[in-house]
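Below is one structure, written out as structure tokens, with a few remarks after it.
The values are calculated or read from the model by the stated rules, or taken from the named source; none is laboratory data. Keep in mind that what you see is a predicted model, and the values were worked out from it rather than measured. So basically every Cβ, Gly included, is an ideal-geometry build from the backbone, and we count neighbours across all protein chains shown.
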Amino acid sequence: MSRLVCCLTLVVCAAAQADDQPADLAAQKERLAKLQPLVGQWRGVGQPQRGSTKDNWIAEADWAWNFDKGAASLVGTLPKGRYFKSLKLTPGKEVGAFELLAALTDEDAALVYAGKLDETDRLVLTAAEPREGLPARISLRFVAENDRLLVLLEKKSAASDQLTRLAEVGYTRQGSGFGKNVSQRECVVTGGLGTIEVSFEGKTYFVCCTGCRDYFNDNPKEVLADYFARKEAEKQKK
């Protein structure tokens, strides 16, 4: 019975997220583009106690765009995640808002988080229904020209409603020196840094992740038409 309830919870959460997303795919992409630096492979260390190695763990994350069923999202897989095994980030209903569906590592269930970018471009997401022992708030911020990602996990204090540190994960982008001389290679799907080659009708283009690669391969004419229209619009603005 509990497994059925958990599965139903996932379905309800996913449905709620779909209702809250902007209907237009281009609008979804534009909203999520603010978090384009997430895309890529990351490796780091999770640290429950600052300045201590006690209970530390190796953390990995692989973020990519996803365009399943005509909706845009940023999806992260966490093969060594302590609390979550996957993350799905979508635009919220309000402009500037985001929602995160976080699948638990040891259960067929998920937590839903919502929040916005603050004035320092830090994404702060709060759990709709916090659970004991799991993050009640997740904060993400980029440093070192987006080659470092710091993720602060906070929990509710046992003595009050205040939040206290649960752990912090410091990620470094894998191959962060790669691509510094190819910044002109633009992903034709999202406009991010293109690091993967794709081709259509004998011409080579670039995309930023496997999600964009798959989307391009399924819709090359549509993607390129949108890309060239976007570049022409940018030219007209200059």
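What the table below lists for this structure:
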| item | result |
| --- | --- |
| Subset of the range 64-78 (residues that are surrounded by fewer than 19 Cβ atoms within 10 Å (Cβ to Cβ) and either not in a strand (DSSP E or B) or not assigned by TED's automatic domain parsing to the domain that holds Pro48 (or both)) | Asp68, Lys69, Gly70, Ala71 |
| The range 98-131, subset among the acidic types (Asp, Glu) and more than 13 Å from the chain's Cα centre (by Cα), residue surrounded by the most Cβ atoms within 10 Å (Cβ to Cβ) | Asp108 |
| Condition broken by Gly81, with the remaining ones in (1) small (Gly, Ala, Ser); (2) within 24 Å of Leu163 (Cα to Cα); (3) outside any loop (DSSP other than H, G, I, E, B) satisfied | (3) |
| Boolean, Glu60 is among the charged types (D, E, K, R) and outside any helix (DSSP H, G or I) | yes |
| Strands (runs of 3 or more DSSP E) contained in the range 88-148 and holding at least 1 residues β-branched (Val, Ile, Thr) | 110-117, 123-127, 137-143 |
| Hits in the range 24-39 - residues which are at pLDDT 95 or above and not in a helix (DSSP H, G or I) | Val39 |
| Conditions (1) modelled with pLDDT of 95 or more; (2) on the phi < 0 side of the Ramachandran plot; number of the one not met by Glu201 | (2) |
| Test set (1) in contact with a Leu (Cβ under 7 Å, 6 or more places away or on another chain); (2) at pLDDT 95 or above - Thr126 fails condition number | (1) |
| Complete set of residues in the range 191-222 that are of a type in the set (Gly, Ala, Ser) and crowded, with 18+ Cβ neighbours inside 10 Å | Gly192, Gly194, Gly211 |
| Inter-residue pairs, beta-carbon under 8 Å, first within 12 Å of Thr190 (Cα to Cα) and in the range 207-218, second of a type in the set (D, E, K, R), 6+ apart | Val207/Arg213 |
| Condition broken by Thr164, with the remaining ones in (1) under 21 Å from the mean Cα position of the chain (by Cα); (2) of a type in the set (Val, Ile, Thr); (3) modelled with pLDDT of 90 or more satisfied | (1) |
| Phe84, sole failed condition from (1) at pLDDT 95 or above; (2) surrounded by fewer than 21 Cβ atoms within 10 Å (Cβ to Cβ) | (2) |
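Conditions (1) assigned by TED's automatic domain parsing to the domain that holds Leu123; (2) of a type outside the set (Ser, Thr, Tyr), marked per residue:
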| residue | (1), (2) |
| --- | --- |
| Ser139 | yes, no |
| Lys156 | yes, yes |
| Val169 | yes, yes |
| Arg185 | no, yes |
| Gly191 | no, yes |
| Glu201 | no, yes |
| Cys208 | no, yes |
| Glu222 | no, yes |
| Ala225 | no, yes |
